[in-house]
Amino acid sequence: MDLAVLWFGIVAFFFVGYFVLDGFDFGVGMSLPFLGRDDVDRRVLITTIGPVWDLNETWVIVAGAVLFAAFPDWYATLFSGFYLVLLAILLALIARGVSFEYRHQRDDARWKKRFDRMIVIGSAVPAFLWGVTFANIVQGVALDAHHDYTGTLFDLLNAYSLLGGLTTLLLFFTHGVVFVSLKTDGDLRLRARRLAARSGAVTIAVAAAFLAWTGIAHFSVVFLVLAVSAAVALVASWIANLRGAEGWSFGFMAATIALAVASLFAALFPDVMPSSPDPQNSLTIANASSSAMTLGILTWVGVVFIPLILVYQAWTYWIFRKRVTRDHVPQGPHGPQSPQGDAEDAEDAGDAGDAGDAEAPDADGADDAERALRA
């Protein structure tokens, strides 16, 4: 049971990491229509997450693998009962990834506009549906004696879960816009700060309503502490953004998401999938976990690989830590719409922004950034 509780915490850790990291990727993608006044602006926005978006996305793959290994019954019930919702998330993530790779492949404004639209949709759909999913998990769903989900898709689209989806959508949007203000400069940076101030005010109201509803239905001291801390961090992020302290604002927003997700897991504990009609059919940490031997082996694997994941993640962000400006986006001899000027894409942003190794682009710096990224 002790190892099962440990791995419940590790599952929570990976989902916290995923929502914090891929959360601002979603926000940047959703901000394209609001901040991207021209193609260069949109390319700058994509370049801010270009070197890291695919690395951030792997956190959900690891989270799913850990869930499968440590809690196979939880994994089976979740992926069978929520398969339409999770399939929609998967298709949206695929559309977003394809768009990052293909938007620059043709020198055509309509071509780019289509893929920009896919980036927006591919960011907004997961941002909303992840909130719907976790709200339903916390609230409880219809499970039979075999722990199979007996409800329908429309049962998952209830008032509480929709509020949860709206909360994550707004949190990730504001998180991404704050990240843009942290990673860009000039007019785009100022516009991102103004947009974060407006979206942050709405986010505070919606998130407070969702956490209050959750607290009333699933009160615990741990949940209360985490939820109040998340609320304080969200307000602190909004105030820091108003004062122009982008670093503090981003840090507080990351803390907000981490604490909010942790509070949901605290509200869920000791269940992993509550049964709303009959609590006796609930999946718990005890009856959904793998054997003690399996958890023991997983623990040794985690001791080795989790620190390596964290070190590599930190190293990547350190390499690409500098701001990205319009000057970092290559224009080419015929302007920003030329094939040469549009050779940069979201994943190969080491060429476009050289955001980690130099203040201004030059041939050697771009080559170094590309080699670091490909390594």
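The values are calculated or read from the model by the stated rules, or taken from the named source; none is laboratory data. Owing to the predicted nature of the structure, the values given are computational and were not obtained by experimental measurement. Neighbour counts are summed over all protein chains in view; Cβ atoms, including those assigned to glycine, are modelled from backbone coordinates with ideal geometry. For accessibility, only protein heavy atoms count, side chains too; no ligands or nucleic acids. Shrake-Rupley method; radii C 1.70, N 1.55, O 1.52, S 1.80 Å.
Listed here are the residues, each with its yes/no results for (1) under 23 Å from Thr284 (Cβ atoms); (2) without any contact (Cβ under 8 Å) to a residue 12 or more places away in the chain; (3) assigned to a helix (DSSP H, G or I); (4) out of contact with any Leu (no Cβ under 6 Å at 6 or more places or on another chain).
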{"site": "Val44", "(1), (2), (3), (4)": "no, no, yes, yes"}
{"site": "Leu55", "(1), (2), (3), (4)": "no, no, yes, yes"}
{"site": "Ala65", "(1), (2), (3), (4)": "yes, yes, yes, yes"}
{"site": "Leu78", "(1), (2), (3), (4)": "yes, no, yes, yes"}
{"site": "Ile89", "(1), (2), (3), (4)": "no, no, yes, no"}
{"site": "Val98", "(1), (2), (3), (4)": "no, no, yes, yes"}
{"site": "His104", "(1), (2), (3), (4)": "no, no, no, yes"}
{"site": "Asp107", "(1), (2), (3), (4)": "no, no, no, yes"}
{"site": "Lys112", "(1), (2), (3), (4)": "no, no, yes, yes"}
What is the number of the single condition among (1) touching a residue at least 60 places away in the same chain (Cβ under 8 Å); (2) in contact with a Gly (Cβ under 9 Å, 6 or more places away or on another chain) that Phe34 does not meet? (2)
When both residues are 6+ apart or on different chains and their Cβ atoms are under 8 Å apart, which pairs have a first residue that lies in segment 301-315 and is closer than 16 Å to Ala70 by Cβ, and a second that is of a type in the set (Val, Ile, Thr) and at pLDDT 90 or above? Gly302/Ile10; Ile306/Ile10
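Among Trp300, Trp315, which is the only one that is at pLDDT 90 or above and more than 28 Å from Leu78 (Cβ to Cβ)? Walk me through how you get there before you give the answer.
Working: Trp300 fails: more than 28 Å from Leu78 (Cβ to Cβ).
Being at pLDDT 90 or above and more than 28 Å from Leu78 (Cβ to Cβ) holds for just one of Trp300, Trp315, which is Trp315.
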If I go through segment 1-35 residue by residue, how many of them are touching a helix residue (DSSP H, G or I) at 6+ places or on another chain (Cβ under 7 Å), of a type in the set (Gly, Ala, Ser) and surrounded by fewer than 20 Cβ atoms within 10 Å (Cβ to Cβ)? 1
Within segment 110-128, does at least one residue satisfy the condition of being within 21 Å of Phe265 (Cβ to Cβ) and open to solvent by less than 30 Å² (accessible area, probe 1.4 Å)? yes
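For every residue, the table says whether it meets (1) open to solvent by 30 Å² or more (accessible area, probe 1.4 Å); (2) under 27 Å from Trp74 (Cα atoms).
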| residue | (1), (2) |
| --- | --- |
| Leu162 | yes, yes |
| Gly176 | no, no |
| Arg189 | yes, no |
| Ala208 | yes, no |
| Thr214 | no, yes |
| Phe223 | no, yes |
| Val228 | yes, no |
| Ile257 | no, yes |
Given the structure, is Val272 outside any helix (DSSP H, G or I) and buried (at least 21 other Cβ atoms within 10 Å of the Cβ)? yes
Given the criterion modelled with pLDDT under 95 and open to solvent by 50 Å² or more (accessible area, probe 1.4 Å), identify the matching residue among Arg106, Arg43. Arg106
If Ile204 passes every condition in (1) at pLDDT 95 or above; (2) touching a Leu at 6+ places or on another chain (Cβ under 9 Å); (3) open to solvent by less than 30 Å² (accessible area, probe 1.4 Å) but one, which one does it miss? (3)
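So that you can scan it fast, the table gives a plain yes or no per residue for (1) under 16 Å from the mean Cα position of the chain (by Cα); (2) loosely packed, with under 14 Cβ neighbours inside 10 Å:
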site: Thr58; (1), (2): yes, no
site: Gly64; (1), (2): yes, no
site: Asp73; (1), (2): no, no
site: Leu78; (1), (2): no, no
site: Gly81; (1), (2): no, no
site: Leu87; (1), (2): no, yes
Within segment 230-249, track down each residue that is open to solvent by 40 Å² or more (accessible area, probe 1.4 Å) and either within 24 Å of the chain's Cα centre (by Cα) or among the small types (Gly, Ala, Ser) (or both). Ala231, Val232, Val235, Trp238, Ile239, Leu242, Gly247, Trp248
For residues that are outside any strand (DSSP E or B), among the β-branched types (Val, Ile, Thr) and free of Cβ contacts under 8 Å to residues at least 60 places away in the same chain, tally how many sit in segment 275-300. 1
Find the residue count for segment 8-35, including only residues that are closer than 24 Å to Leu129 by Cβ and either small (Gly, Ala, Ser) or not in a helix (DSSP H, G or I) (or both). 6
Looking only at segment 308-316, decide whether some residue is over 19 Å from Leu6 (Cα atoms), outside any strand (DSSP E or B) and open to solvent by less than 40 Å² (accessible area, probe 1.4 Å). yes
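Quick check, is Val132 closer than 30 Å to Ala292 by Cβ, part of a helix (DSSP H, G or I) and open to solvent by less than 10 Å² (accessible area, probe 1.4 Å)? Step through it out loud before you land on a result.
Details: closer than 30 Å to Ala292 by Cβ: no; part of a helix (DSSP H, G or I): yes; open to solvent by less than 10 Å² (accessible area, probe 1.4 Å): yes.
Against the criterion (closer than 30 Å to Ala292 by Cβ, part of a helix (DSSP H, G or I) and open to solvent by less than 10 Å² (accessible area, probe 1.4 Å)), Val132 does not qualify.
Under the condition of being in contact (Cβ under 8 Å) with a residue 24 or more places away in the chain and open to solvent by 70 Å² or more (accessible area, probe 1.4 Å), which residue from segment 140-156 is nearest to Leu87 (Cα to Cα)? Spell out how you get there, then give the answer.
Step one: of segment 140-156, the residues in contact (Cβ under 8 Å) with a residue 24 or more places away in the chain are 140-145, 147-149, 151, 153, 156.
Checking the rest, the ones that are also open to solvent by 70 Å² or more (accessible area, probe 1.4 Å) come to 145, 148.
Numbers: Ala145: 26, Asp148: 18 Å.
Step by step, filter segment 140-156, then rank; the result is Asp148.
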Among (1) farther than 21 Å from Phe79 by Cα; (2) touching a residue at least 60 places away in the same chain (Cβ under 8 Å); (3) aromatic (Phe, Trp, Tyr), where does Phe265 come up short? (1)
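Go through segment 239-260 and give me each residue that's more than 25 Å from Ala135 (Cα to Cα), of a type in the set (Gly, Ala, Ser) and part of a helix (DSSP H, G or I). Working first, answer last.
Let us first name the residues in segment 239-260 that are more than 25 Å from Ala135 (Cα to Cα), namely 239-249.
Next cut, of a type in the set (Gly, Ala, Ser) only: 240, 244-245, 247, 249.
Listed by number, the residues that qualify are Ala240, Gly247, Ser249.
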